Amino acid sequence: MSNQHLYLNLYENLKQQIIEGQYQSEDKFPSKRALSQHLSLSNTTIEHAYQLLLDEGYIYSKPRSGYFVSDIETLPIINRNSPHMNYSINQETSYNNIEDDGNNAETLAFNLSEIDAEYFPMQQFRKYARDAFEDDQLSLLQRTNPKGEWQLRQEIAHYLFNSRGVTCHPEQIIIGSSTEQLINLVTDILKKPQFYIENPSYPPIKKILDKKQINYKQISVEKTGIDLDEFKKHNYNAVYVTPSHQFPTGYVMNLKKRTQLIQWAQQSEQRYIIEDDYDSEFRYFGKPIPALQSLDTKDKVIYISTFSKSLYPSCRMAYLVLPKNLSSRYDKLSNKESNTVPAHLQKMVASFMESGSFERHLNKMRKVYKAKLKFIIDTLTPYQEQLEVNGAFAGMHFTLTVKNGLTLEECLERAKEHNLKIIPFNVYDNDLSEVKFILGFGGIPFSKLEKHTNALINTLINH
Ligand SMILES: Cc1ncc(COP(=O)(O)O)c(C=O)c1O
């Protein structure tokens, strides 16, 4: 056993003896020398264990008298053997049991919001995690800039300029824990906003607007993007769009519409566009399309993106680029949520970006996801009369419309028989008249891609 384990073990044992009442408050505790001899442990091991007990208040020292046991009733003790701990272990076990539905066959899921974790450069990331906790990072223990770590905001500004054509100063960037949180913040920054949102759209947007009782109109999405003609029927001042890869349809807004949308915003001082560029890192076919923000010369685009796709979804880190003219409104906002991402994580991601690892990771993942998408599309191509693929240019999802007469219920019934999990598109679009599914492929390992795709064909093809 290493020295570290020895002193931690000793500390745990002594602590437990105090908690269990083997020592009473004010009892004299054994001297370090006596214990060292009794247990045949080195002075250093005893010294470290006593120091922990002293630091946590289980014992105290009296000059020239030795160590005594404290009144532990006053300590916030967390007893590792308490029934509460057992309870939470059981909870975890039963949670896993819920996942296991008793059917031993493997579920073949086309889940959304999963990345391919196998390719994540854990070793490099771990290095930046270690660096972030080095002694000279003590400043990271304090509350820092409410907008986020400066180094990270600088890296994001560089990255956005180089990869998406977004021009901004790090001062305009705000780090948040999710896209949803940042959209919520934007609705606080805008004056009396009334929204146009895409129909169908990313569900959190409706949730936020409903909750805050903000007026909105749902505008249909065509293959070229949101239907701008509909804007003429109302006089709303904000629009939320996902131009690079519309969620959930996967359509890409064309340049003409992008220009028209910017012109619409420029027609009034109060108008703003919220551009959610959530998976733009992964565009596989055709020319890269710069962000809408890059076409804007009049500070009309509020740009939002996330690390959920480009790094990993559980890191909970997204970023907002405010036009300069809205920065002061943000500064003056009272009761705003800030510092929602731990500074250490921000530091890790900043170092990861600064070292070039982020760019290398994206380049690698773009190839991985492109190969997966190509495999699925190529395998489905012979069935294109029955299955229409849409939105398969970018990101980690596409849609599949079933055109062979099978009903949604029939498809779902057959999916069950093939242990296939697919999400019906009407989850996002209540008025849908077609039989359509939204399929996420990012998280399916290469080794299982064929099995998944075959299950899809066996389920949806009508022989
Ligand atoms: C349109 C859209 N925006 C943003 C996100 C990511 O959100 P978050 O940053 O909260 O993980 C997603 C995730 O799938 C999305 O579909």
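The values are calculated or read from the model by the stated rules, or taken from the named source; none is laboratory data. Nothing here was measured: the structure is a model prediction, and the numbers come from that model. For neighbour counting, all protein chains shown are included, and Cβ atoms are generated from backbone atoms with ideal geometry for every residue, glycine included. Surface areas here come from the heavy atoms of the whole protein model, side chains and all, with no ligands, DNA or RNA. Shrake-Rupley method; radii C 1.70, N 1.55, O 1.52, S 1.80 Å.
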ask   = So which residues in segment 328-349 are at pLDDT 90 or above and in a loop (DSSP other than H, G, I, E, B), if there are any at all?
value = LEU333, THR340, VAL341, PRO342
ask   = Somewhere in segment 374-381, is a residue in a helix (DSSP H, G or I), buried (at least 20 other Cβ atoms within 10 Å of the Cβ), touching a strand residue (DSSP E or B) at 6+ places or on another chain (Cβ under 6 Å) and not assigned by the TED database to the domain that holds PRO288?
value = yes
inquiry  = LEU41 - would you say it is at pLDDT 90 or above, assigned by the TED database to the domain that holds ILE19 and either open to solvent by less than 80 Å² (accessible area, probe 1.4 Å) or not acidic (Asp, Glu) (or both)?
reply    = yes
query = Got at least one residue in segment 181-197 being more than 20 Å from TYR303 (Cα to Cα) and within 19 Å of the chain's Cα centre (by Cα)?
reply = no
ask   = If you go through segment 418-445 one residue at a time, how many are out of contact with any Phe, Trp or Tyr (no Cβ under 8 Å at 6 or more places or on another chain), in contact (Cβ under 8 Å) with a residue 40 or more places away in the chain and either of a type in the set (Ser, Thr, Tyr) or in a helix (DSSP H, G or I) (or both)?
value = 1
message = If SER351 meets every condition in (1) surrounded by 14 or more Cβ atoms within 10 Å (Cβ to Cβ); (2) closer than 25 Å to MET396 by Cα apart from one, which number is that one?
response = (2)
ask   = Hey, TYR369 hits all of (1) open to solvent by less than 50 Å² (accessible area, probe 1.4 Å); (2) not assigned by the TED database to the domain that holds MET396 but one; which does it fall short on?
value = (2)
query = Got a number for residues in segment 289-313 being among the hydroxyl-bearing types (Ser, Thr, Tyr) and near the ligand (Cβ under 9 Å from one of its atoms)?
reply = 3
ask   = Which residues, taken from segment 314-327, are within 11 Å of the ligand (Cβ to nearest atom) and either part of a loop (DSSP other than H, G, I, E, B) or open to solvent by 50 Å² or more (accessible area, probe 1.4 Å) (or both)?
value = SER314, ARG316, MET317
message = Looking at the structure I just gave you, is LYS300 open to solvent by 20 Å² or more (accessible area, probe 1.4 Å) and not hydrophobic (A, V, I, L, M, F, W, C)?
response = no
